[in-house]
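Only one structure is covered here, and it is reproduced in the block below.
The values are calculated or read from the model by the stated rules, or taken from the named source; none is laboratory data. Not measured: the values here are computed from a predicted model. Every residue, glycine as well, gets a Cβ built from its backbone with ideal geometry; the counts of neighbours run over all protein chains shown. Areas reflect the complete protein model, heavy atoms only, side chains present, ligands, DNA and RNA absent. Shrake-Rupley method; radii C 1.70, N 1.55, O 1.52, S 1.80 Å.
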Amino acid sequence: EWLTEAGIPVASLSSLDIRKRKAVAELIAFLRFLETPSDDLAFANFLTGDIFTALTGLKKKEILDLIFRFRQKDRRAILYAQFRNDPKYGKYWDKYLDELFRKVGYLPLYELVSLIFKTFRLFENFPDEHAFLARFMDAVSDLEAEGVTSPRSFIEYASGTDEDKSAVFAIDLPEYIDAVRVMTFHKSKGL
């Protein structure tokens, strides 16, 4: 922040972790939901996120009100089932989520994520996130080659914080970039 305020170009390595991007976090939440459909928090995070609202044109407040209404109606009911069966909102489930939900466990991870990208029109709806979305696909491909083949194993890997796991989700900066590189002490001590 100090460098930015002083007008000095800065490249923070921690800000290049794609998992910290909102769209990528929403994708991981969606994968978490697909792996564990009873995870109401993951489904709610996805529904109220930019990906779903951009796709459907629904407002975040409208979705939040819907979730609260569902909770008041039956606190023990699973959120996705309420959403799927709702007369007004079920059409969004049918159009965007049902196929993905049914194909989990049948498609390899990379094909599932590719179908998610296509269904949600991510590159079309988020042109400013192209580099981060492309890196996400690269990470899925790289990890699948290493044996991370299910949404569950991918989520576990993506939740890790050690440096080796972080490298898979980082965008590489070119050496010639004209900016001050900011990194943690731990990362810099090996230079």
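Details
- Considering the stretch 20-64, and only residues there that are more than 17 Å from Leu133 (Cβ to Cβ) and assigned to a loop (DSSP other than H, G, I, E, B), the residue that is most open to solvent (accessible area, probe 1.4 Å) turns out to be Lys59.
- Close contacts from the stretch 64-77, counting a first residue that is under 20 Å from Pro37 (Cβ atoms) and a second that is open to solvent by less than 60 Å² (accessible area, probe 1.4 Å), with Cβ to Cβ under 6 Å and a gap of 6+ residues or different chains, come to Ile67/Ala44; Phe70/Gln82.
- The sole residue among Phe68, Phe30 that is out of contact with any Leu (no Cβ under 9 Å at 6 or more places or on another chain), modelled with pLDDT of 95 or more and among the hydrophobic types (A, V, I, L, M, F, W, C) is Phe68.
- Arg135 vs. criteria closer than 16 Å to Arg21 by Cα and not hydrophobic (A, V, I, L, M, F, W, C): yes
- Tyr92 vs. criteria open to solvent by less than 30 Å² (accessible area, probe 1.4 Å) and either more than 30 Å from Glu62 (Cβ to Cβ) or in a helix (DSSP H, G or I) (or both): no
- Filter pass, Ile8 being in contact with a strand residue (DSSP E or B) (Cβ under 9 Å, 6 or more places away or on another chain) and either touching a residue at least 60 places away in the same chain (Cβ under 8 Å) or open to solvent by less than 40 Å² (accessible area, probe 1.4 Å) (or both): yes
- Residue match in the stretch 12-19 (condition: in a helix (DSSP H, G or I), surrounded by fewer than 20 Cβ atoms within 10 Å (Cβ to Cβ) and of a type in the set (A, V, I, L, M)): yes
- Test: residue in the stretch 141-157 that is out of contact with any Leu (no Cβ under 7 Å at 6 or more places or on another chain), of a type in the set (Gly, Ala, Ser), assigned to a loop (DSSP other than H, G, I, E, B) and open to solvent by 60 Å² or more (accessible area, probe 1.4 Å): no
- Of everything in the stretch 126-140 that is touching a residue at least 24 places away in the same chain (Cβ under 8 Å) and among the aliphatic types (A, V, I, L, M), the residue that is most open to solvent (accessible area, probe 1.4 Å) is Ala131.
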